[in-house]
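Below: the structure, in structure tokens.
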Amino acid sequence: MRVVLAGQVVEFLRRLPPEPKRRLGQALRDLTREKGDLKALEPPLDGYCRLRVGGYRIVFSYGKRGTIECIFAERRSVVYELLLERILDRLRSTRP
């Protein structure tokens, strides 16, 4: 499996202190072998999964050709609310 990081995930990782950045980096490397604390999400985020690393969450989906697409990363306390807000904003902006 190949892990692909969205721009938001890359920026989030850059802003972290060294130790959490190291742990999340290792967790992303392990994700290529589908290892880690993984869980499928429930509606309205069905179709996505999360990788838990301490107090952080990375939301991802399985893409085509054996890719894992990491679409969003944030602290546990706000990750799902911010992700839903982002998805709803995109839906609103694509409507005629």
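A few comments on the model shown:
- The HN-Hα couplings worked out from phi for the range 28-35 by the Karplus form 6.51 cos²θ - 1.76 cosθ + 1.60 (θ = phi - 60°) are 5, 5, 5, 4, 4, 9, 6, 9 Hz, whole numbers, x standing for Gly and Pro.
- For the chain: relative contact order, % (alpha-carbon pairs under 8 angstrom, 6 or more apart): 28
- Paramagnetic reach from residue 65 in the range 3-22 [backbone N under 20 Å; point 7 Å along Cα→Cβ]: 3-7
- Mean ellipticity per residue at 222 nm, deg cm²/dmol - from DSSP H runs of n ≥ 4 across the chain, formula -39500 (n - 2.57): -13000 deg cm²/dmol
- Across the range 2-94, counting alpha-carbon atoms alone, Rg and Dmax equal 12.8, 39 Å.
- Once both labels are positioned 7 Å from their Cα atoms along Cα-to-Cβ, the gap between residue 85 and residue 32 label points is 3.4 nm.
- Antiparallel bridge percentage (DSSP; both residues within the range 2-94; nearest 5): 80
Every read-out reported here was derived from the displayed coordinates using simple, explicitly stated rules and does not represent laboratory data. What you see is a predicted model, and the numbers here were worked out from it, not measured in a lab. Neighbour counts run over all protein chains shown; Cβ positions are idealised from the backbone, glycine included.
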